[in-house]
Amino acid sequence: MHFTRAIVRPPGRNFASGLTSAADGPPQFDAALLQHRRYCEALRACGVEITRLEADPLYPDGTFVEDAAIVTARGAILTRPGAPTRSGETDSVGRTLRAFYPDLLKIDAPGTVDGGDVCEADGHFIIGVSARTNERGANQLREHLEGMGYSTGVVDIRGSETLLHLKTGIAYLGDGVWVGCREIERELEALGGFNIRELISVAATESYAANCVRVNESVLVPAGYPRITQALDLKGLHPLPLEMSEFKKMDGGLSCLSLRF
Ligand code: CIR
């Protein structure tokens with residue numbers, strides 16, 4: 001899919017008060033802002049026009065905008081994030097998205113969905129049931145997506161100790177090429193229903209880099225993971241390494257920082 005737009009929200013001053021399971025210490029605000037700026041520059045370099053939301057002190061995790069919506073070529077769905085402290089993030093994302101998608105759909109209670117649990121591969125959507133996305137939410141999302149003419153599949157990642165979201169462990173790079181950490185590989189292959197021409201396995205030491213993002217002719221990848229970066233380069237996928245250290249401290253990956261469409 002060719003992207004022309006992205007919605008982002010820079011981290012706010014209380015970013016360090018968000019949710020995290022990482023034990024790397026609190027993120028540094030100035031460094032996070034700089035990393036976010038570089039992320040936006042990379043998106044622009046890939047040909048994407050950026051709409052920037054204001055940081056909201058009520059929502060320290062609000063910079064992870066991907067969790068608040070599922071945005072597709074045929075329509076968009078506002079989620080109902082699974083963490084109670086994040087549920088209000090959808091208000092401002094919804095206001096902005098309506099300018100592009102007047103018929104915005106939504107997930108209703110008691111369903112919950114985090115956008116990080118939804119992975120699109122050429123019109124097929126894999127939905128992860130996780131600690132954040134429940135079965136009711138996944139089913140509502142399937143109905144919405146299938147109503148738009150897409151196909152869907154569900155994978156249960158609740159047994160995983162390391163995957164916060166489905167896309168913590170996999171990324172689809174187009175043309176049948178996937179990136180996956182070992183933990184999710186088997187589930188992915190068992191799921192079927194979509195094209196797996198090639199699966200690039202991410203080493204356990206580089207598992208954070210499984211969350212990479214294809215944006216037009218490039219792949220945004222976290223800096224500091226030489227094996228995956230080299231593998232992408234060898235395949236002509238144009239990796240663009242971006243420093244993500246401060247977002248990693250808050251359990252966030254590259255994909256979470258934008259809604260691309
Ligand atoms: C959270 O726990 O909700 C945030 N601190 C991190 C969310 C990361 N989002 C994502 O992987 N899609």
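The values are calculated or read from the model by the stated rules, or taken from the named source; none is laboratory data. In this text, all values refer to a predicted model and were calculated from it rather than measured experimentally. When we count neighbours, we look across all protein chains shown, and the Cβ atoms used for this are built from the backbone with ideal geometry, even at glycine.
Table for the structure above
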{"item": "Criterion: touching an Asp or Glu at 6+ places or on another chain (Cβ under 9 Å) and within 16 Å of the ligand (Cβ to nearest atom) - qualifying residue of 72, 4, 79, 63", "result": "79"}
{"item": "Where a residue in the range 82-103 is without any contact (Cβ under 8 Å) to a residue 60 or more places away in the chain and its partner, wherever it lies, is crowded, with 17+ Cβ neighbours inside 10 Å and part of a helix (DSSP H, G or I), with Cβ under 7 Å and at least six apart", "result": "89/68; 90/68"}
{"item": "Criterion violated by residue 11 - all others in (1) of a type outside the set (Phe, Trp, Tyr); (2) within 15 Å of the ligand (Cβ to nearest atom); (3) part of a helix (DSSP H, G or I) satisfied", "result": "(3)"}
{"item": "Qualifying residue in the range 227-243 (condition: closer than 24 Å to residue 131 by Cβ and either touching an Asp or Glu at 6+ places or on another chain (Cβ under 8 Å) or surrounded by 19 or more Cβ atoms within 10 Å (Cβ to Cβ) (or both))", "result": "no"}
{"item": "Whichever residue in the range 1-26 is more than 19 Å from residue 221 (Cα to Cα) and aliphatic (A, V, I, L, M) and, among such residues, is surrounded by the fewest Cβ atoms within 10 Å (Cβ to Cβ)", "result": "23"}
{"item": "Set 64, 29: member being surrounded by 19 or more Cβ atoms within 10 Å (Cβ to Cβ), of a type in the set (Phe, Trp, Tyr) and either at pLDDT 95 or above or over 15 Å from the mean Cα position of the chain (by Cα) (or both)", "result": "64"}
{"item": "From the options 116, 180, residue that is surrounded by 15 or more Cβ atoms within 10 Å (Cβ to Cβ), out of contact with any His (no Cβ under 9 Å at 6 or more places or on another chain) and under 23 Å from residue 222 (Cβ atoms)", "result": "180"}
{"item": "Inter-residue pairs, beta-carbon under 6 Å, first within 16 Å of residue 81 (Cβ to Cβ) and at pLDDT 95 or above and in the range 134-160, second β-branched (Val, Ile, Thr) and assigned to a loop (DSSP other than H, G, I, E, B), 6+ apart", "result": "134/112; 137/107; 137/112; 140/107"}
{"item": "Any chance residue 108 is part of a loop (DSSP other than H, G, I, E, B), within 15 Å of the chain's Cα centre (by Cα) and either more than 16 Å from the ligand (Cβ to nearest atom) or modelled with pLDDT of 95 or more (or both)", "result": "no"}
{"item": "In the range 221-261, residue farthest from the ligand (Cβ to nearest atom) [restricted to those that are aliphatic (A, V, I, L, M) and under 15 Å from the mean Cα position of the chain (by Cα)]", "result": "221"}
{"item": "Residue 193 at pLDDT below 95, in contact with a strand residue (DSSP E or B) (Cβ under 8 Å, 6 or more places away or on another chain) and at positive phi", "result": "yes"}
{"item": "Scan of the range 149-193 for residues that are more than 16 Å from the ligand (Cβ to nearest atom) and touching a Leu at 6+ places or on another chain (Cβ under 7 Å), ordered by number", "result": "152, 153, 173, 178, 185"}
{"item": "Answer residue from the range 158-177, given it is within 16 Å of residue 237 (Cα to Cα) and of a type outside the set (A, V, I, L, M, F, W, C) and is surrounded by the most Cβ atoms within 10 Å (Cβ to Cβ) among those", "result": "172"}
